[in-house]
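Novice: Below is one structure. I have some questions about it.
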Amino acid sequence: MCDPVGWEDRGVRGCWPRLWDALGSAATVQSLAMASGAMQLGLQLVQQGAEARVYRGRFLGRAAVVKLRFPKRYRHPALEERLSRRRTAQEARSLLRCRRAGIPAPVVYFVDYVTNCIYLEDIIGSITIQDHINSVQDSGSDTSSLLNVAEKMGELLARMHDEDLIHGDLTTSNVLLRPPVEKLDLVLIDFGLSFISGLPEDKGVDLYVLEKAFLSTHPNTETLFKALLKAYGATSKKSGPVMKRLDEVRLRGRKRSMVG
């Protein structure tokens, strides 16, 4: 297994830099691609999004999730290769950045830049925050416990933003809840659109994207999102300018909606 800290220090060359250094010959590239294909045998498709397919299986004896970026046929092949490799590398870096900062995120087992695959820890038994909120609401039970979930999310996102990491696709389906749910152990996933930025504007937009997704997916949860933002503001060391930018982004969004 690769050492996440050591892997990051070596840049985007993968867990085994000697293999990467050997790249350049067609035989080496072909052998790596064949090895990657062999590792993917028996994997079960879990989800397909706009950017990638997600599989569940095992990697070197460990439960794993495999995220495979598939090529976009409408792009020029050279541009597609460059974008896919860059986004794969950035996703791996973002996950490792989280783990270095003590922010819960899946372990990166292996990154294959030939096929643009990332092999990640499978968070066994977890459910998405989206499913958890829906389950509590549908059961008709007391929803006050969801306030604690929202507060935990706010704290987690504040820590992420304080590391100048922008998720880029914040939704309640991109935050997992480990069992048992009573512990409120949250895990951030899906950093495929992430990037590094210290700008309050980018962090404000990140929160605005979450707000739009949160309130559209879970109607009548304005109180929950207010609790999330309150916890964010109390936890983040840089929340002042970010919250100001969030208000400005909201205003721009309303103006855009009025204009159509």
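The values are calculated or read from the model by the stated rules, or taken from the named source; none is laboratory data. Since this is a predicted model, take the numbers as computed values, not measurements. Positions of Cβ are backbone-derived with ideal geometry, glycine not excepted, and every protein chain shown enters the neighbour counts. When the accessible area is computed, the model is the full protein with side chains, heavy atoms only, and any ligands, DNA or RNA have been set aside. Shrake-Rupley method; radii C 1.70, N 1.55, O 1.52, S 1.80 Å.
Novice: Do you know which residues across the stretch 245-260 are loosely packed, with under 13 Cβ neighbours inside 10 Å and modelled with pLDDT of 95 or more?
Specialist: Result: D247, single match.
Novice: Go through the stretch 220-232 and report how many residues are free of Cβ contacts under 8 Å to residues at least 12 places away in the same chain and either surrounded by 14 or more Cβ atoms within 10 Å (Cβ to Cβ) or charged (D, E, K, R) (or both). Spell out how you get there, then give the answer.
Specialist: Narrowing the stretch 220-232 to residues free of Cβ contacts under 8 Å to residues at least 12 places away in the same chain: 220, 222, 226.
In the following step, the residues that additionally are either surrounded by 14 or more Cβ atoms within 10 Å (Cβ to Cβ) or charged (D, E, K, R) (or both) were identified as 222, 226.
Residues that pass the stated criteria total 2.
Novice: Name the residue, out of V136, V111, that is surrounded by 16 or more Cβ atoms within 10 Å (Cβ to Cβ), of a type in the set (A, V, I, L, M) and in a helix (DSSP H, G or I).
Specialist: On the way: V111 fails: in a helix (DSSP H, G or I).
Answer to the selection: V136.
Novice: Of the numbered conditions (1) touching a residue at least 60 places away in the same chain (Cβ under 8 Å); (2) surrounded by fewer than 17 Cβ atoms within 10 Å (Cβ to Cβ); (3) under 21 Å from H218 (Cα atoms), N148 fails exactly one; give the number of that condition.
Specialist: Against the list (1) touching a residue at least 60 places away in the same chain (Cβ under 8 Å); (2) surrounded by fewer than 17 Cβ atoms within 10 Å (Cβ to Cβ); (3) under 21 Å from H218 (Cα atoms), N148 comes up short only on (1).
Novice: Something else now. So is D206 part of a loop (DSSP other than H, G, I, E, B), buried (at least 19 other Cβ atoms within 10 Å of the Cβ) and acidic (D, E) or not?
Specialist: Spelling it out, it is not the case that D206 is part of a loop (DSSP other than H, G, I, E, B), buried (at least 19 other Cβ atoms within 10 Å of the Cβ) and acidic (D, E).
Novice: Right, something else. How many of the residues in the stretch 70-108 are open to solvent by less than 30 Å² (accessible area, probe 1.4 Å) and touching a residue at least 60 places away in the same chain (Cβ under 8 Å)?
Specialist: Narrowing the stretch 70-108 to residues open to solvent by less than 30 Å² (accessible area, probe 1.4 Å): 72, 80, 84, 88-89, 91-92, 94-96, 98, 103, 105-106, 108.
Narrowing further to those that are touching a residue at least 60 places away in the same chain (Cβ under 8 Å): 89, 91-92, 94-96, 98, 103, 105-106, 108.
Count: 11.
Novice: Kindly list the number of the only condition in (1) under 24 Å from S236 (Cα atoms); (2) open to solvent by less than 10 Å² (accessible area, probe 1.4 Å); (3) in a strand (DSSP E or B) that fails for I118.
Specialist: Condition (1) is where I118 drops out.
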